[in-house]
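Please read the structure below before turning to the comments.
The values are calculated or read from the model by the stated rules, or taken from the named source; none is laboratory data. Every value quoted in this text rests on a predicted model; they were computed, and no experiment measured them. Neighbour counts are summed over all protein chains in view; Cβ atoms, including those assigned to glycine, are modelled from backbone coordinates with ideal geometry.
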Amino acid sequence: MKKIITKSAKETQQLAFDYTKKIEKGQVVCFQGELGAGKTTFIQGILKSLNAKGPYTSPTFVIMKKYDVKHAIIDTVYHIDAYRIDHSALFDLGWEEIIQNKKALILLEWPEKIEKSLPKNARLIKFKWIDENSRELVFS
Ligand SMILES: Nc1ncnc2c1ncn2[C@@H]1O[C@H](COP(=O)(O)OP(=O)(O)O)[C@@H](O)[C@H]1O
Ligand SMILES: [Mg+2]
């Protein structure tokens, strides 16, 4: 477990750049924390460092955004915001196929909404609002 406090959105994205280097094959990364805690900001940092084609709009209303990337172990990034969905909606998105693809990177906001469907090796980053420009990130 590692705890880091960032003092700006830019610092959070810098952390995301470093984090991208440590992503493994077929990884699901879960982002937990209240609205405005910085989950999407961190994910945008990952997308940027993978050179995914922007804009990196939040998938709050579309639920899922898919990005093709050119990377040694990743060919597709899925950014999913599970805030408004449940298990059956997740199935409808094609979750079963998506997690079979070992070259997919899945970045998931609000994992607590679909906890039962998560693979055991999913990683977790917890975000906490400290003040206007500070956030605490806990990596486990
Ligand atoms: N240290 C920080 N880390 C991340 N975001 C920050 C930070 N300080 C301020 N912010 C701002 O907080 C907001 C976080 O929003 P967002 O990333 O969409 O949160 P979430 O996806 O968790 O709802 C952004 O407007 C961002 O600019
Ligand atoms: Mg978000």
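Tabulated values for the structure
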read-out: Residue check, Trp95 closer than 26 Å to Trp129 by Cα and of a type in the set (Phe, Trp, Tyr); value: no
read-out: Ile23 vs. criteria in a loop (DSSP other than H, G, I, E, B), more than 12 Å from ligand 2 (Cβ to nearest atom) and under 14 Å from the mean Cα position of the chain (by Cα); value: yes
read-out: Residue, farthest from Glu34 (Cα to Cα), within the range 68-84, restricted to residues that are among the β-branched types (Val, Ile, Thr) and touching a Phe, Trp or Tyr at 6+ places or on another chain (Cβ under 8 Å); value: Thr76
read-out: Hey, Lys102 away from ligand 2 (no atom under 16 Å from the Cβ) and part of a loop (DSSP other than H, G, I, E, B) or not; value: yes
read-out: Residue that is nearest to ligand 1 (Cβ to nearest atom) [pool: residues in the range 41-95 that are of a type in the set (Lys, Arg) and under 18 Å from Gly26 (Cα atoms)]; value: Lys65
read-out: Sole residue being over 14 Å from the mean Cα position of the chain (by Cα) and of a type outside the set (S, T, N, Q), chosen from Asp81, Asp92; value: Asp92
read-out: Candidate set from the range 26-62 (those that are of a type in the set (Val, Ile, Thr) and at pLDDT below 95); member that is farthest from ligand 2 (Cβ to nearest atom); value: Val62
read-out: Near pairs, Cβ below 7 angstrom, 6+ apart or cross-chain, from the range 41-65 (closer than 18 Å to Thr12 by Cβ and of a type outside the set (Phe, Trp, Tyr)) to any residue that is outside any loop (DSSP other than H, G, I, E, B) and within 12 Å of ligand 2 (Cβ to nearest atom); value: Ile43/Phe31; Ile43/His79; Ile43/Leu107; Ile46/Leu107; Ser58/Thr40; Ser58/Asp81
